[in-house]
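Single-structure report; data block below.
The values are calculated or read from the model by the stated rules, or taken from the named source; none is laboratory data. Computed from a predicted structure; not experimentally measured. Please note: Cβ atoms are built from the backbone with ideal geometry, for glycine as well, and neighbour counts cover all protein chains shown. Areas reflect the complete protein model, heavy atoms only, side chains present, ligands, DNA and RNA absent. Shrake-Rupley method; radii C 1.70, N 1.55, O 1.52, S 1.80 Å.
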Amino acid sequence: MANIKPNFAQLGRVYNMDPRTVKKYYLGYDGKPSNRNKKSMLDEYKEIIKEKLSYEGIRISSVFFFLKNEKGYNGSYSTLTHYIRTHPELKNNKVKNDGHVRYETKPGEQLQFDWVESITLINKYGEVFEFNVFSAELSYSRMHYFNYSKYKTKEDVLANLVLAFKFFGGVCEHTLTDNMSSIVSNGKFCKEFLSFAKDMGMVGKKCKVKHAFTKGKVEVRNKFMKWLIAYNHEFETEEDLRKIIKKINIEVNNLINDTTNMKPILLYQKEKEYLKPLPNTQILENYMNLSITVKVHNTMLIEYKGCQYSVPKKYINKTLKIKEIDNKLYIYDNTELVVTHDLSNKKINYIKEHYIEGLKGSMTSNTDEQIEALAKKNLELFEQLTK
C-alpha cells in the first residue's frame, strides 16, 4: 500500500521457499490449474468425428479405420475412444452384444458364408449406391473374404464362393450358411448348389431353423462392414467401393482375434495346408461365367467391373443378364442376346447406334444428319476423357 518493494529474499527465508517463487505469487500467480487444458492430436479431426458418429449404426472402430486410412491419423484406437468419451458433444452409438456358446472346428473343416445385405451409401455427388457384400470365413483361422456384389442371385452366390475358394487357395470339407433364399427352397439346397458342391468336392450344410448363431464367426466379422458408413459422401465410383472393401478385408485379417489371440493371416498359414486342392480351371471358369443380373440406367448404360456399357433405349430401367466370355461381354434379355461389347478399360462405352437413338429422343427438332454429327463429336470427347 505504501509502494514499498518487498524483500523477496527475506520472505523466502521466513517461509522456507525460493525467493523467485515468493515473487511469482506476489505478482498474482494462483498455482497450477486443477485441470490442464492440453490440446489433443484429435482436435483437428473433431468435426469429422462428429459427422461420422452421427450416422446411424456406425461404430467407433469404423471411424478409427477411416481416420487412419484416409485422413492420416497415426494415434491409437484407445486415444480415439478416450477422446470421444471425454467430449460428450460427440455422439457415440452404443451397440448391444448378445452372448452365445462358442463352437470350434478343425483346420480345413468349415467355411461359413453369408450376405451383408442392402447397404446404401451416397457418393460425393449425391448419387445413391445400393449393394451387398458377400462374406466368407474359414472357421479355424478366422481368415476372411469380403466381396462387393450388386445382386444376391444364385449365380452371384456360386461365383462368389468360387472367388472365395480361389482367395483361400483351396476348398474346405464343408460350407455352412443359413436358409439363403437364392440357394435354399423348402428347407433344401437347390440342385444347382448341390451340383456345385459336388464339383468343388465339399458338402453344403445349413444352420438349423432359428439357429443362425451357429455361423456366428462370419456374423461377427460382418460387423466390420459398418466401417463403410464412415465413407458416406467420401467416394466417387463403384470401383472406389470395391477398393475400400478390399482395404477393410486386409485390415480385418491383420487384427488380433479375441478368441484365438492371433491374427487370422498368421493362423491361416497353418490352415491352408489342410484345404483340399481347387478343381480344375475349366470347372471354376464355368461357374465364374454364369450370367450376372444388372439394371439398365436411364443413360442406357449397365455397369460391369467399374465400367459402363450401352444397350438400346427400350431396355432403360429393365433388368438384364450379362456374361463374360473370352474378353467379351454378352448382354441378354432372358435368353435373347441384346448386344455384345469388347471388354474395355474405358469408363463409358457407347455403341454409336445406341447413342444416336438416345439423342433422337431428346432432340426431336434436329435432323438425322445434325444428330449423327453431334453423336460423332460427343463420342470422340468421351474417347479423350476416358483414356
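Points to keep in mind about this one:
- Evaluation of L255 against (1) open to solvent by 50 Å² or more (accessible area, probe 1.4 Å); (2) touching a residue at least 24 places away in the same chain (Cβ under 8 Å) (one fails), failing number: (2)
- Residues of the range 291-322 that are modelled with pLDDT under 85, open to solvent by 30 Å² or more (accessible area, probe 1.4 Å) and in contact with a Phe, Trp or Tyr (Cβ under 6 Å, 6 or more places away or on another chain): none at all.
- When the test is whether a residue is open to solvent by 10 Å² or more (accessible area, probe 1.4 Å) and either at pLDDT 95 or above or at positive phi (or both), G169 passes it.
- Count - residues of the range 187-202 that are over 19 Å from N132 (Cβ atoms), assigned to a helix (DSSP H, G or I) and either out of contact with any His (no Cβ under 9 Å at 6 or more places or on another chain) or in contact (Cβ under 8 Å) with a residue 40 or more places away in the chain (or both): 8
- Hey, E357 touching a helix residue (DSSP H, G or I) at 6+ places or on another chain (Cβ under 6 Å), open to solvent by 60 Å² or more (accessible area, probe 1.4 Å), under 27 Å from E238 (Cα atoms) and without any contact (Cβ under 8 Å) to a residue 60 or more places away in the chain or not: yes
- Some residue of the range 316-334 being out of contact with any strand residue (DSSP E or B) (no Cβ under 8 Å at 6 or more places or on another chain) and either of a type in the set (K, R) or in contact (Cβ under 8 Å) with a residue 24 or more places away in the chain (or both): yes
- Residue check for D18: under 52 Å from the mean Cα position of the chain (by Cα), at pLDDT 75 or above and of a type in the set (D, E, K, R): no
- Here is the figure for the range 324-338: residues that are within 26 Å of the chain's Cα centre (by Cα) and open to solvent by 60 Å² or more (accessible area, probe 1.4 Å) total 0.
- For G57, the test of being modelled with pLDDT under 75, assigned to a loop (DSSP other than H, G, I, E, B) and closer than 15 Å to A230 by Cα is passed.
The rows are residues; the columns are (1) under 16 Å from the mean Cα position of the chain (by Cα); (2) free of Cβ contacts under 8 Å to residues at least 24 places away in the same chain.
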residue: V116; (1), (2): yes, no
residue: I122; (1), (2): yes, no
residue: E127; (1), (2): no, yes
residue: F134; (1), (2): yes, no
residue: M143; (1), (2): no, no
residue: D156; (1), (2): no, no
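- For Y231, the stated conditions do not hold, so it cannot be described as within 18 Å of F165 (Cα to Cα), touching a Phe, Trp or Tyr at 6+ places or on another chain (Cβ under 8 Å) and modelled with pLDDT under 90.
- Counted residues, the range 2-23 - those being open to solvent by less than 60 Å² (accessible area, probe 1.4 Å), among the β-branched types (V, I, T) and not in a helix (DSSP H, G or I): 0
- When the test is whether a residue is under 25 Å from K223 (Cβ atoms) and loosely packed, with under 15 Cβ neighbours inside 10 Å, K243 passes it.
- If the condition is being touching a helix residue (DSSP H, G or I) at 6+ places or on another chain (Cβ under 9 Å) and more than 14 Å from T299 (Cα to Cα), then the range 329-351 contributes I331, D333, V338, V339, K346.
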